[in-house]
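Just below is one structure, and these are the notes that go with it.
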Amino acid sequence: MKHFPPNLHRRDFLGRVGTGMAGMALNGLLSQDLLARSHSSAGSHLRPRQPNLPARARSVIQLFMTGGPSQVDLLDPKPALATYAGDRPREVLDHVESVGSAGGLLPSTYRFTRHGQSGLPFSELLPHTARCADDIAVIRSMWSNSFNHETGIVEMHSGRTMKSSPSMGSWIIYGLGTENQNLPAFVALDDPDKQILLGKKNWQSGWLPPVFQGTRFRASGVPVVNLEPQQAYPGPVLHSARTLLDRMARSHRDDRPRQSVLDARLASYQLAARMQTSATDALDLSRESKSTQELYGLDQPQTAAYGRRCLMARRLVERGVRFVQVLMNAANNNPWDHHSDLNGGLERCCHETDRGVGALLQDLKQRGLLDSTLVTWGGEFGRLPIAQNAAKPGRDHGPTGFSVWMAGGGIKGGTVHGATDEIGYKAVDQRVSVHDFHATILRCLGIDHEQLVFNHHGLDERLTGVEPAHVVNEILL
């Protein structure tokens, strides 16, 4: 126990007490101010906000192909691989996961043909996507810093390799809010039964306020678990129960100021109540015509699961959802990771997804939504041009040069940007980093990537990091 100093006089005591009282009063005023901000933060963060630049896109659909699709078999034809088949370039061999299983250069067995007025080349494995060639800009010169799947996925989603970083969808909601207050601003559509690699880290808010985290919707069965009550109640009873729960939740939060998790949780409860009608309507695919369902491949077992997600994505952006992330079925949690049996794996993945992707682009365009919806396609990296595992050849991870594509809001379709070397190993012309890619997506939405800032532990953080990032203006309208 501390004692007063022996020389403390009455005047000193009163002065110190006065200072303490003033401090307590100031602290109270500040707490009230912060509490008021906290109370309004969850709702205000999600209100729609005007971008700081002219925008072409209002929403984003991210078609993420977990595992790393092979660029030289799908989007980046390399005739030189046939010329040098079997050669073992030292530069490539120095960057393989397992030198012992590395073979020589492996030509693609798939035919590339040109499509549309632009003559954009696509592999025969992507016939439905190829029909939309004139709406697509292929970036062939992507590169990343990550050779491993986990860090690669996090980098492509967040611009960083740290697993606690906010995803791009969360950054976009932070910057623009949402136009539909009855549906989540950021929705993730994945396999309802099996977890894709990294699970919810694909749509996490990281150290951004939790209200910006993505909401997982199930593509089959009940879209949102526990959204509907197990037992029906009369309207007045339900209203009274909700009012009481809301009052209790607010009281709990008010006793714990500056807890953003509580704000986000309360906002989630309120959103859930509003979603009971809106989500059911948005995800009820039976309201779509038979021809639309067939367009997406819902009538075929192998294409139905991914086609459902693509159709859901269209219905969600149609209703003002800002960011929709579409992930593959997870027969394994890393479906495009073809270290062996490349042909079997590629054909399976392309057959499952290509019809839904092509239908999504065609459907958005028919409905006048493609001009305002940015669609992106790609994985965390590509594959190496050499063989791996001689019995059933596959390809190892290839982050130094790979392909992605963008279509829709603000994109100049029918274009190719950048190039890899003659064997498709590394990006050599008009190279595009992950930060450049993110800066370009933000620009389509009317966001200056340098101005999208969140102060985290005293640092002004950005989706595009601190190093210079460049918008790929060559593919923009």
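The values are calculated or read from the model by the stated rules, or taken from the named source; none is laboratory data. Everything numeric here is computed off the predicted structure, so don't read it as measured data. Every residue, glycine as well, gets a Cβ built from its backbone with ideal geometry; the counts of neighbours run over all protein chains shown. Protein only, heavy atoms only, side chains kept; ligands, DNA and RNA dropped before computing areas. Shrake-Rupley method; radii C 1.70, N 1.55, O 1.52, S 1.80 Å.
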Quiz item: Counting only residues 5 or more places away or on other chains, whose amide H sits under 5 Å from the amide H of residue 340 once H atoms are built in the peptide plane?
Solution: 395
Quiz prompt | Area accessible to solvent at residue 367, 1.4 Å probe radius, in Å² | solution = 100 Å²
Quiz item: Got a sec? Charge dipole of the stretch 49-98, +1 on Cβ for Lys and Arg, -1 for Asp and Glu; which of 63, 51, 93 is way out at the positive end?
Solution: 51
Quiz item: How much accessible surface does residue 453 have with a 1.4 Å probe, in Å² rounded to 10?
Solution: 40 Å²
Quiz prompt | Ranked packing of 386-393, 95-102, most packed first, by mean Cβ within 10 Å | solution = 386-393, 95-102
Self-check item: Amide proton proximity set for residue 420, modelled H, under 5 Å, gap of 5+
Solution: 428
Practice problem: Might you work out the accessible area of residue 467 for me, using a 1.4 Å probe with all protein chains in place, and round it to the nearest 10 Å²? | Solution: 130 Å²
Quiz item: Which order do peptides 54-65, 112-123 fall in by mean Cβ count within 10 Å, highest first?
Solution: 54-65, 112-123
Quiz item: Which whole-number value in Å² is the accessible area per residue of the stretch 274-369, probe 1.4 Å?
Solution: 36 Å²
Quiz item: What area, in nm² and to one decimal, does the C-alpha convex hull of the stretch 347-477 cast on average over all directions?
Solution: 10.7 nm²
